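Okay, structure first, notes after.
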Amino acid sequence: MQNFGSEMEGVAAQYLETAHGWRLLEKNVRFREGEIDLIMVAGGELRFVEVKARRNENFGGVVESVTTRKIQKLRRAIYRWRERSNDHRIGQIYFVGILAKPNSALTIEEHFIE
């Protein structure tokens, strides 16, 4: 499952680079408080990207998988990353959901969270 997740994070990064011109800064940044899947730069601002991927919708869609608790953990990880990197540029939390059904084209959803 971890290989699938990592592969889909790569798909999301490539999609955001191609579709929006964003540049990947870091990937899979982990702290005790939580993880940041992708940190990207968009026109001088930061985008902290949460990537969720599913092979099917048996347990709900990708959007439903982003919980309030997950966002809280992400915020804490962003705070720690900012402390470590001393990078205080304007930033937003962004979501990319990927549905990767076998024998189907990928379905990608994206939203600003905050």
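The values are calculated or read from the model by the stated rules, or taken from the named source; none is laboratory data. Note that this is a predicted model, so its numbers are computed, not measured. Note that each Cβ is placed from the backbone with ideal geometry, even for glycine, and that neighbours are counted across all protein chains shown. With ligands, DNA and RNA removed, areas are computed over all heavy atoms of the protein, side chains included. Shrake-Rupley method; radii C 1.70, N 1.55, O 1.52, S 1.80 Å.
General observations
- Virtual spin-label span in nm between Gln14 and Lys101, 7 Å along Cα→Cβ: 2.2
- For the chain, the antiparallel share of DSSP beta bridges with both residues in that region comes to about 65%.
- Summing charges over neighbours of Phe4, with a neighbour being any other residue whose Cβ is under 12 Å away from its Cβ, gives +1 when K and R count +1 and D and E count -1.
- Ratio of Rg to Rh for the chain: 0.96 [Cα atoms; Kirkwood radius as inverse mean 1/r over pairs].
- The chain: angle of helix 2-20 to the longest principal axis, Cα-based, in degrees nearest 10: 70
- For the residue pairs Lys27/Lys70; Lys73/Lys101; Lys70/Lys101, alpha carbon separations beyond 22 Å are given by Lys73/Lys101; Lys70/Lys101.
- GNM result for the chain, Cα springs below 10 Å: residue of Asn28, Asn103, Asn86 fluctuating most strongly: Asn103
- Element breakdown for the chain at a 1.4 angstrom probe: carbon and sulfur atoms account for 47% of the accessible area.
- Positive-end residue, the chain charge dipole about Cα centroid, Cβ charges, pick of Leu16, Ser65, Tyr79: Tyr79
- Share of pairwise Cα separations in region 19-78, more than 16 Å, in percent: 52
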